[in-house]
Amino acid sequence: MRRRDAPTASARDRASARVRMALGAALCVALVLVFAPAAAGRRAKLGLRPIPVSVSADTNHPGAPVPRDFLGLSFEVSSLSQVASYAGGGDLVTLLHSLGLGVLRFGGVTADTRVAWTDGATPRPSWASGALDAADLRELGNLAAESGWHVLLTIGLAHYEPEAAAREAAAAKAALGEWLEGFELGNEPNAYAQHGMRSEPWTIVQYDAQVAAYRSAIEAAAPGIALAGPDVSGSGAFESWGLGEVINQRPALLTGHHYPLGCEQIPAPTIARLLSPQIREREDSSLLRYTSISQASEIPFRLDETNTVSCGGVAGISNTFASALWAVGYLARAMSMGVAGINLHGSPANCNGYTPLCAPTPEDLASGALRAQPEWYALLLAKELIGDRPLPTITSSSGRPNVEVMALLAGDGTLHFVIVDDDPPGARRVAVRLRVGRGFRSASVLSLTGPSPAALSGVRLGGKAVAPDGSWSEPSRLPHAPNKRGVITVPIKPSSAALLTVSPTAR
């Protein structure tokens, strides 16, 4: 007699089958858990494969060489005496030496509204909160001689005083001598009526008559000083004011300003907008308006005041690593379009706004202990392109990354490629494929990096920071990317820039 709890053979078979099924299911789950991450990783790796960007440069049609004094700094006239005092101490001379030659421009709104020339025959007027005198200019001459940088000086026009302007010009010529690049008459004079500094009508006709009177007085007191102008607020005004300046005044240098973002714009300025393709398109259109008149008249054009956001900049944008990425691209594109030079505007007393250099504390400002801001690293990178000839460049990619590439040719046949990836962190990397041919060696890679576009510090060029005394030198060893059958492929991280140097093979 069988026990009631003893299973039959068929029951045992069914139970065994259920166990085998359960074990099989468990094994399948285990296998999924083991191999699914690897499969997902392979899919992710395939999905995040770098976006190819193909670059070709036309070495048969190079442009004119980038001028030796292309790089420049711009300051308010109200900062002139402070900046000039650094001839006798501080880090400014060392910093300027690290960039080679350049132009110091003193202008801005304070040239017209706050600072007046004073001497024995010219007492300070009631409207002026600051004064400029011969001693300031002599110190500025010392700074120019110590650094090797020339000076472009703005003489106020808003308060119409031709005789005082002539005395200032004569003092500048005596103090600066060969270092005086020229003088400008007024800062953004096209906007005088808009800001209540002239009554309507105020057009190029009225401006030209006053400039002619100033020039006559200056020529009588200090003959031979070159005129630069019209120093307009933007390229839109330059189409009439610049053309009028060319026809009526024949200046030695054409000048104007550009700010990609406005402090009162709606929507408000952001890092994303600063680094957007739309802003680059507007910048290129602006540069084209400037350079078209310059090239037609055969008078060089200098963008003598520019930076990220107008009105002194915006903290969290203008003082971040994003400003360095913006500056690298803008400087290189201006070179490619034939601009004679660029002056990045700034204040040594304001580290929160736009400025390549600043003093963190009042004590540092007094002693000249200046700190290199992110934009300074862009100038250091651009220095490597001085003397090069820009090349027509074709860039193509199916992934539409926010990347720009400019190519230039050095005198010894070396190719320089400036690459800026303005995509945000976390975006797909790009793989830039330089189609240089078999006659070139591998590319050395000088990278410009920062912790993030919003970073206020931690910027590095070639892995190195500017030294406390303001010096910087290129690392002796840089990463290299090989030339494989005429193509050099270089991976570029989002939110970074790089200068690739490709030397020809020995012949």
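The values are calculated or read from the model by the stated rules, or taken from the named source; none is laboratory data. The structure displayed is predicted, hence computed values, not measured ones. In this analysis, Cβ positions are derived from the backbone assuming ideal geometry, glycine residues included, and neighbour counts consider all displayed protein chains.
Worth a mention:
- Close contacts from the range 245-274, counting a first residue that is within 15 Å of residue 289 (Cα to Cα) and a second that is among the aromatic types (Phe, Trp, Tyr) and part of a helix (DSSP H, G or I), with Cβ to Cβ under 7 Å and a gap of 6+ residues or different chains, come to 256/238; 256/290.
- For the range 168-197, residues that are in a loop (DSSP other than H, G, I, E, B) and in contact (Cβ under 8 Å) with a residue 12 or more places away in the chain total 5.
- Of all residues in the range 365-420 being without any contact (Cβ under 8 Å) to a residue 60 or more places away in the chain and among the hydrophobic types (A, V, I, L, M, F, W, C), the one that is surrounded by the fewest Cβ atoms within 10 Å (Cβ to Cβ): 366
- Residues that are assigned by TED's automatic domain parsing to the domain that holds residue 111, farther than 26 Å from residue 118 by Cα and more than 34 Å from the chain's Cα centre (by Cα) do occur in the range 188-199.
- The selection criterion, being out of contact with any Asp or Glu (no Cβ under 7 Å at 6 or more places or on another chain) and over 30 Å from residue 161 (Cα atoms), does not hold for residue 239.
- Sole exception among (1) in the same structural domain as residue 227 (by TED's automatic domain parsing); (2) outside any helix (DSSP H, G or I); (3) farther than 24 Å from residue 289 by Cβ; (4) out of contact with any Cys (no Cβ under 6 Å at 6 or more places or on another chain) for residue 322, by number: (2)
- Those residues of the range 236-279 which are outside any helix (DSSP H, G or I), more than 24 Å from residue 302 (Cα to Cα) and touching a Pro at 6+ places or on another chain (Cβ under 7 Å), in sequence order: none
- Qualifying residue in the range 354-362 (condition: of a type in the set (Gly, Ala, Ser) and surrounded by fewer than 24 Cβ atoms within 10 Å (Cβ to Cβ)): yes
- Among residues of the range 294-316 being β-branched (Val, Ile, Thr) and buried (at least 20 other Cβ atoms within 10 Å of the Cβ), the one that is nearest to residue 239 (Cα to Cα) is 306.
- Among the residues listed as 401, 453, the single one being assigned to a loop (DSSP other than H, G, I, E, B), touching a helix residue (DSSP H, G or I) at 6+ places or on another chain (Cβ under 8 Å) and not assigned by TED's automatic domain parsing to the domain that holds residue 281: 453
- Looking across the range 463-507 at every residue that is touching a His at 6+ places or on another chain (Cβ under 9 Å) and part of a strand (DSSP E or B), the one that is surrounded by the fewest Cβ atoms within 10 Å (Cβ to Cβ) is identified as 501.
- Residue 237 being touching a Ser or Thr at 6+ places or on another chain (Cβ under 7 Å), among the small types (Gly, Ala, Ser) and at pLDDT 95 or above: no
- Going through (1) in a loop (DSSP other than H, G, I, E, B); (2) hydrophobic (A, V, I, L, M, F, W, C); (3) crowded, with 19+ Cβ neighbours inside 10 Å one by one, residue 331 falls short only on (1).
- When residue 112 is tested against the conditions (1) acidic (Asp, Glu); (2) more than 27 Å from residue 187 (Cα to Cα); (3) buried (at least 19 other Cβ atoms within 10 Å of the Cβ), the lone failure is (2).
- Taking the numbered list (1) closer than 19 Å to residue 340 by Cβ; (2) of a type in the set (A, V, I, L, M); (3) touching a helix residue (DSSP H, G or I) at 6+ places or on another chain (Cβ under 6 Å); (4) surrounded by 22 or more Cβ atoms within 10 Å (Cβ to Cβ) in turn, residue 246 passes all entries but (4).
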